[in-house]
């Protein structure tokens with residue numbers, strides 16, 4: 001038996017109010033794999049009917065483990081999920097004209113049954129599809145019943161499903177998020193989604209051999225998130241993104257630097273999550289003179305990074321280009337402790353004549369030492385020695401002058417918080 005709604009146990013009056021309030025029934029999670037499907041289907045249909053004509057936010061899910069073979073030679077024991085899910089998917093399709101957001105986590109065979117069961121295209125804004133098991137060779141079209149009824153989502157998330165298998169109006173897609181797809185699928189996005197402004201690539205599966213891509217320019221892309229550095233350079237070497245403003249990458253690869261050099265975008269926000277070498281940093285940062293926000297997360301910095309930044313950034317040389325001249329916010333998370341004198345030198349502009357400065361002073365600096373301690377507990381001598389007292393006073397003075405300055409250890413303890421006792425900071429002072 002299908003259990004009653006939780007609201008039914010409150011009181012009859014509140015249940016009547018809830019059932020008569022359409023907005024309460026516009027967001028529903030649906031299980032496509034139930035043992036009591038005969039009773040569950042009319043229950044879901046009743047819930048959907050209570051939403052009236054309002055747009056729907058639906059999440060359709062299944063249990064991945066239910067379809068895994070028990071052993072390599074037990075393929076006959078596999079469940080056929082598309083047959084069991086057919087009745088509930090039919091209910092979902094019947095309400096397709098009201099789809100606003102659709103999140104689907106089902107076996108790939110169930111996806112074949114999704115279509116727009118209406119002559120009117122749904123006002124679909126967000127479409128998320130997680131298919132399993134992954135099948136790069138699958139080749140069918142989702143939403144392929146009525147030729148005139150084609151969804152036009154603005155936001156698209158695809159995991160383990162190839163983009164060409166989704167029948168949508170691609171010229172309306174603004175935000176794309178891909179996971180476990182091929183390089184061909186990634187490359188296709190730059191061709192079929194001309195209005196795409198935000199693109200995230202989570203992971204790529206193995207492609208046989210090297211692929212050669214024709215050059216392509218995408219004028220609309222403003223934000224690019226590369227959560228993988230594996231197997232991506234072939235794509236980056238072929239694209240030009242002149243409008244790119246926000247970039248998040250795992251490393252400064254040759255393909256990435258080639259794309260930036262070729263595109264010359266107005267890049268203002270950059271996040272890097274990997275080892276940074278001095279040579280790569282010098283080459284890359286010279287191509288990003290408009291950069292205002294730099295985040296270096298879980299990185300291994302070169303030992304002279306802060307010294308390089310301070311001396312190069314504030315140096316006025318007629319024969320050299322400005323190094324990060326517009327940088328105003330710097331966030332760093334690393335396991336290596338810096339030379340705190342270099343940090344203070346980087347932040348302090350005292351003695352630098354304004355007419356000779358090649359960058360504006362930072363307005364925000366956040367530093368987090370991963371796995372270390374920057375201050376001493378009252379009964380412990382453990383921790384690292386971040387700086388000496390004169391340098392501490394310089395940092396405190398910079399913070400008091402209006403600089404947004406936060407220096408933390410791995411426990412989130414603030415080095416510059418008032419009342420803290422710091423290793424090496426006060427120990428050398430005369431008592």
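The values are calculated or read from the model by the stated rules, or taken from the named source; none is laboratory data. Worth saying up front: this structure is predicted, and the values here are computed from it rather than measured. For neighbour counting, all protein chains shown are included, and Cβ atoms are generated from backbone atoms with ideal geometry for every residue, glycine included.
Okay, here's what the table says:
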item: Any hit, the range 34-45, residues being out of contact with any helix residue (DSSP H, G or I) (no Cβ under 6 Å at 6 or more places or on another chain), over 30 Å from residue 160 (Cα atoms) and assigned to a loop (DSSP other than H, G, I, E, B); result: no
item: Matching residues, the range 402-431, being at pLDDT 75 or above, part of a loop (DSSP other than H, G, I, E, B) and touching a helix residue (DSSP H, G or I) at 6+ places or on another chain (Cβ under 7 Å); result: 403, 416
item: Top-ranked residue of the range 46-90 - restricted to ones that are farther than 30 Å from residue 23 by Cβ, out of contact with any helix residue (DSSP H, G or I) (no Cβ under 7 Å at 6 or more places or on another chain) and assigned to a helix (DSSP H, G or I), ranked as modelled with the highest pLDDT; result: 83
item: Residue check, residue 138 part of a strand (DSSP E or B), in contact with a helix residue (DSSP H, G or I) (Cβ under 9 Å, 6 or more places away or on another chain) and modelled with pLDDT under 90; result: no
item: Some residue of the range 243-251 being within 23 Å of residue 279 (Cα to Cα) and modelled with pLDDT under 90; result: yes
item: Qualifying position, being at pLDDT 85 or above and outside any helix (DSSP H, G or I), among 324, 296; result: 296
item: Neighbours by Cβ (under 7 Å, 6+ apart or cross-chain): first from the range 269-286, over 14 Å from residue 299 (Cα atoms); second assigned to a helix (DSSP H, G or I); result: 283/257; 284/257; 284/260
item: Selection status of residue 168, assigned by TED's automatic domain parsing to the domain that holds residue 99 and either surrounded by 21 or more Cβ atoms within 10 Å (Cβ to Cβ) or outside any loop (DSSP other than H, G, I, E, B) (or both); result: no
item: Residues of the range 1-19 satisfying the condition of being modelled with pLDDT of 60 or more and closer than 26 Å to residue 103 by Cα; result: 18, 19
item: So residue 204, is it in contact with a helix residue (DSSP H, G or I) (Cβ under 9 Å, 6 or more places away or on another chain) and either modelled with pLDDT of 90 or more or surrounded by fewer than 16 Cβ atoms within 10 Å (Cβ to Cβ) (or both); result: no
